[in-house]
Amino acid sequence: MFMDWPLLSLVIWTPIIGGILVLATGSDKNAMEAKVLTLVVSIVTFLLSLPLYTDFNTQISTMQFVEKIAWIERFNINYHLGIDGISMPLILLTSFTTVIVVIAGWEVIKTRVAQYMAAFLIMEGLMIGVFAALDAAVFYVFWEAMLIPMFIVIGIWGGPNRVYATIKFFLYTFFGSVFMLVALLYLAVQSGSFDILGFHAFKLDLATQILIFIAFLLAFAVKIPMFPVHTWLPDAHVEAPTGGSIILAAIMLKLGAYGFLRFSLPITPDASASLDWLMITLSLIAVVYIGFVALAQQDMKKLIAYSSISHMGFVTLGFFIIFAIAQKDASMAGAAMGIEGAIVQMISHGFISAAMFFCVGVMYDRMHSRQINDYGGVVNTMPVFAAFMVLFAMANAGLPGTSGFVGEFMVILSAFKANFWYAFFAALTLIVGAAYTLWMVKRVLFGDVANEKVEKLTDANGREILVLSILAGTVLFFGIYPAPLIEVMSPSVENLLQHVMQSKLN
Amino acid sequence: MFEDMQTVYIWIVLAPLIGAIIAGLFGKVVGRTGAHIAAIAGVAIAFILSLYVFKDIVIDGAQAFNGAVYTWLVSDGVRFEVGFLIDSLSAMMMVVVTFVSLMVHIYTIGYMKDDDGYQRFFSYIALFTFSMLMLVMSNNFLQLFFGWEAVGLVSYLLIGFWYKKPTAIYANLKAFLVNRVGDFGFLLGIAAVLMYFGSLDYATVFNNVDKVNNLTMSIIPNQDWSVITVICILLFIGAMGKSAQIPLHVWLPDSMEGPTPISALIHAATMVTAGIYMVARMSPLFELSTTALSFVMVIGATTALFMGMLGLVQNDIKRVIAYSTLSQLGYMTVALGASAYGAAVFHLMTHAFFKALLFLGAGAVIIAMHHEQDMRKMGGLRKYLPITWFTSMIGSLALIGTPGFAGFFSKDSIIEAVGHSTIPGASYAYFAVLAGVFITALYSFRLYFMVFHGKERMDEHTRSHLHEPSWVVTLPLILLAIPSVVIGYLYVDSMAFGNFFGDAIFVLPQHDVLGEVAKMFAGASSIAWAMMLHSVFTLPFWLAASGVATAWFLYMKRPDIPAVIQQRFSLIYTILINKYGFDRFNEIVFAGGSRAIGKICWRYFDVKLIDTFVINGSAKTVGWVSLILRRMQTGYLYTYAFAMIVGLCGLLLIFVYPLK
């Protein structure tokens, strides 16, 4: 029934227009109105995004829900939207997470409430726009515009060192994007349009491909972030308010990974194949090296930020082992599993990192500290909260039965086919990931009450339990029954693989 | 009775899970009684249905069941399913797990009655039962790994049950991480299985072993290794973690920080035997690799002997039994290495009963002693705790292999089987298991005499309050004592030497050591009787007897001697009391090393090199350059005039110079 609605435009523009309306409520006197309006808009957007799943045709790999209107005809730029099985789950993740963020910030944000809420709504629309864009110009506009609300969120509602963090965040990501812009303009000039699917089909020689690949890599690697351009993330997280951290970890990091799937792999397949060693090495460094770095953290948010980088290593690993598998075995068995595992990891990390950052937020709101040393024995005073946090910690450590296991498992299985040592280093996360997560849990939650502040803690309230339960339910559901998730992406992934394996050189 | 056996299987796993959810999520609503009723009902249903399944499969000889419940996911043409494989091996495991679990549940009512976390505890142990059943009933590697990690999670939660105790939360982290080292290998093994067999389904894998048998892989360039050997060793690394084999055994003694009922259930009877079960299940793979079998055997033998020796110097009643568990797990592992899978699983079963009995007995002593665990403060408890005393004696007799008791049949089968094995390492293993018999008898009766006999060394207050715990504690002891006596006699013919396991276990004819042993008793109508009659002429019997005699002499007759021995052989004593230094080594090298690596990576690489040098460095460079440029914009005419002259000269130089 929704097939004839411009659904993608609706899920992009509803929150953006809603955000502008929320801004109009103005000062903090109308904070309640602003919050209620935001919640309504975010829920409506989430409901509007659901038909994208229910009406999605899982049998075909072409773009669905396509909208195409001429925008700037002179340069052949179109307002062109559409989704496949790769972008659809990410859009749902975005609309879902925004609702969570709104509830998470409900009582916590006390100043400039309307502006805070509006920033997240606008950001939601822009991020969905990135996932839905099929025109490079539209993509680039959304991609850059999205930075602004996040910049503002960290800069205004952030911690004491927020100015350094925001500038670092902005310069890092902007630095990367500029190269991407150059690459996109080159492609547009050469191919005569900004159509992304046109880029996919456009032939390029290897030298050009490598230059374009590196330009994209700079943009996406910063966003994911990949080693060694990752150092903005811990700072941004530490300074960001809880909601900002959740969006940053759950969605923004995925944009970089999505870029690899939508741009790097299909546009420059031969460059990807010849530089896969670099990508795999950087991914494994992310998994192992960053895992050890996480172990050394004293600040909970930094620890989870590093853990995010480490988990995103699995995503890029899953993307780039396909070439090694193809080389070994012409039938490509296992390659699709790598990419699917990587996408599952993206989705799952969205839930788990959101949950972990929310948990830290719950404690921070009470203690005003993120230092592990200031805690100890929280379980004594916050037993319900502690039970949830242990669950999410286990999910973060990849326990089977939680969504955290599925993606890592699939990527490791696939990596083994590519090369024993890839799987070996990737699987080290089983030990290192458990070590940094559970060591933190031990120091923060367990033990006797460490100090008076912990003694006075009150357990999670109804609103917090609501958020925690929703996230816990999701994490468990996708751990126990991930089949629906794989089902929607599978034809698109197969299609992508076939395309990537087709060399553009002859 | 039931139309569809699959429904029965589903209820067997669901019943404890529902019990766990009620006790855990609704613990406040249903209260203490409601929580234990829910959990016990769940486990009791699982037990009764398991008995029914056992009857169906083992006694009525029904066909093994192998079917999927639902598809977890399909990726790349590989179906990952959740499903059950129910044959005699899993049916036996299900009965053992649910029975011991039920006993422990009942016992817990008494043991934990004063604890604030009563509902939480019941929720955990019911959840454990669910996880363990998922593990043993699985028909594929994925679900096996799920159960494997889930029991690890519950073990983690239960070791750290008393989360205020620093030792407990240290021990549970340690247990989880050491197990994760094993799981690391295990997961790679599973990945290898998928790569070479194209499926994680047991049946598919076992049906295709011939295709993979001669394949090789090179992990290190120019080194070709048999794929089967690599797979088996990787899987066995998982078993080494879960079943606490050297060098991954370090977590088990520390796990004693958890409440005693779970030491009995998880860290003695069931979870720690998961590795043994897994290898037995994988017998069609392990049989094809003598290298892997040798590896298994040597690890097991080392664990059996050297961990038993540590039990000799411990004074904490639970730790003695913990080291005994390590040693007995070593016996089972040796049997696996000798291809005596039947004997290994048989010992797993008898051990489950008598070791659970011993732990629960120790728990009864601990309650009676007001949570005192030091055996030096016990003694003469026989007359205060008659039921505990008697059942513990039965447990000890079963453990040391007294003819007629359960442990005798299983342990003797293992020793004889190892004696007949010819694979590399067999003679070392044979020596180790024989020496282990003496050690086992010595530490078991050292414990028995120190606790139940001799001088009463406790203080007056404790002594005046000594009394037998209530029936919920003693009933499980009695119910566990019965199989500890009779189960060996009943099943040795079929399990160790007969065809009890049928197709569930596969042994190559040239590895069939149990068949060789059975030939010794050829002609006897019952191997059980023949073994008992034969036992007095064998070495193990006299080794055990002398172990008991030594214990009696050292701890009853001349209690002054142990101190003298300790002084004389202080070097050996120091090595034993420090547990061969494993803990210190791990603490310094692995734990300390990782923390140091993390710090160095972070401080020097992330912060110094990337952030300070590259990022802030380039920002500073930009700032510095702009500072200089700004200095030049002074606003004075002569500065600009000077700059123009310099510029002009420069330009002239550039143009004129090449002309020369």
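The values are calculated or read from the model by the stated rules, or taken from the named source; none is laboratory data. Just so it is clear, the structure is predicted and the values come from calculations on it, not from any experiment. So basically every Cβ, Gly included, is an ideal-geometry build from the backbone, and we count neighbours across all protein chains shown.
A compact table of results
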| quantity | calculated |
| --- | --- |
| Flag if A:SER469 is surrounded by fewer than 17 Cβ atoms within 10 Å (Cβ to Cβ), at pLDDT 90 or above and of a type in the set (Gly, Ala, Ser) | yes |
| Members of the range B:380-424 that are assigned to a loop (DSSP other than H, G, I, E, B), surrounded by fewer than 24 Cβ atoms within 10 Å (Cβ to Cβ) and of a type outside the set (S, T, N, Q) | B:GLY380, B:TYR384, B:PRO403, B:GLY404, B:ILE423, B:PRO424 |
| Every residue from the range B:580-606 that is within 14 Å of chain A (Cβ to nearest Cβ) and surrounded by 15 or more Cβ atoms within 10 Å (Cβ to Cβ) | B:ASN586, B:PHE590, B:ALA591, B:SER594, B:ARG595, B:ILE597, B:GLY598, B:LYS599, B:CYS601, B:TRP602, B:PHE605, B:ASP606 |
| Given (1) in contact (Cβ under 8 Å) with a residue 60 or more places away in the chain; (2) within 14 Å of another protein chain (Cβ to nearest Cβ); (3) of a type outside the set (Ser, Thr, Tyr); (4) more than 21 Å from A:ASN419 (Cα to Cα), index of the condition A:GLY338 fails | (4) |
| Subset of the range B:69-117 that is within 12 Å of chain A (Cβ to nearest Cβ), of a type outside the set (Val, Ile, Thr) and closer than 21 Å to B:MET278 by Cβ - its residue that is surrounded by the fewest Cβ atoms within 10 Å (Cβ to Cβ) | B:GLU81 |
| Residue check, B:ALA619 more than 30 Å from B:LYS455 (Cβ to Cβ), of a type in the set (Gly, Ala, Ser) and away from chain A (no Cβ under 14 Å) | no |
| Helices (runs of 4 or more DSSP H) enclosed by the range B:255-328 - at least 1 residues per element that are more than 22 Å from B:PHE161 (Cβ to Cβ) | B:274-281, B:283-286, B:290-310 |
| The range B:159-197, subset assigned to a loop (DSSP other than H, G, I, E, B) and within 7 Å of another protein chain (Cβ to nearest Cβ), residue surrounded by the most Cβ atoms within 10 Å (Cβ to Cβ) | B:GLY160 |
| Residue match in the range B:135-158 (condition: part of a helix (DSSP H, G or I), away from chain A (no Cβ under 14 Å) and touching a residue at least 40 places away in the same chain (Cβ under 8 Å)) | yes |
| Test: residue in the range B:22-34 that is touching a residue at least 40 places away in the same chain (Cβ under 8 Å), buried (at least 24 other Cβ atoms within 10 Å of the Cβ), under 24 Å from the mean Cα position of the chain (by Cα) and under 21 Å from B:LEU158 (Cβ atoms) | no |
| Test: A:LEU265 is out of contact with any Ser or Thr (no Cβ under 6 Å at 6 or more places or on another chain) and either in a helix (DSSP H, G or I) or in contact (Cβ under 8 Å) with a residue 12 or more places away in the chain (or both) | no |
| Matching residues, the range A:346-400, being within 14 Å of another protein chain (Cβ to nearest Cβ), assigned to a helix (DSSP H, G or I) and within 23 Å of the chain's Cα centre (by Cα) | A:ILE347, A:SER348, A:PHE388, A:MET389, A:VAL390, A:LEU391, A:PHE392, A:ALA393, A:MET394, A:ALA395, A:ASN396 |
| Test result for A:MET117, crowded, with 20+ Cβ neighbours inside 10 Å, hydrophobic (A, V, I, L, M, F, W, C) and over 24 Å from A:MET346 (Cβ atoms) | yes |
| Some residue of the range A:401-408 being more than 30 Å from A:HIS499 (Cα to Cα), crowded, with 24+ Cβ neighbours inside 10 Å, under 23 Å from the mean Cα position of the chain (by Cα) and within 11 Å of another protein chain (Cβ to nearest Cβ) | yes |
| Pick from the range A:429-457, criterion more than 7 Å from chain B (Cβ to nearest Cβ) and not in a helix (DSSP H, G or I), ranking: surrounded by the most Cβ atoms within 10 Å (Cβ to Cβ) | A:LEU445 |
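Yes/no matrix, rows are residues, columns are (1) more than 24 Å from A:GLU494 (Cα to Cα); (2) surrounded by 14 or more Cβ atoms within 10 Å (Cβ to Cβ); (3) without any contact (Cβ under 8 Å) to a residue 12 or more places away in the chain:
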| site | (1), (2), (3) |
| --- | --- |
| A:VAL11 | yes, yes, no |
| A:LEU23 | yes, yes, no |
| A:GLY26 | yes, no, no |
| A:ASN30 | yes, yes, no |
| A:ASP84 | no, yes, no |
| A:VAL113 | yes, yes, no |
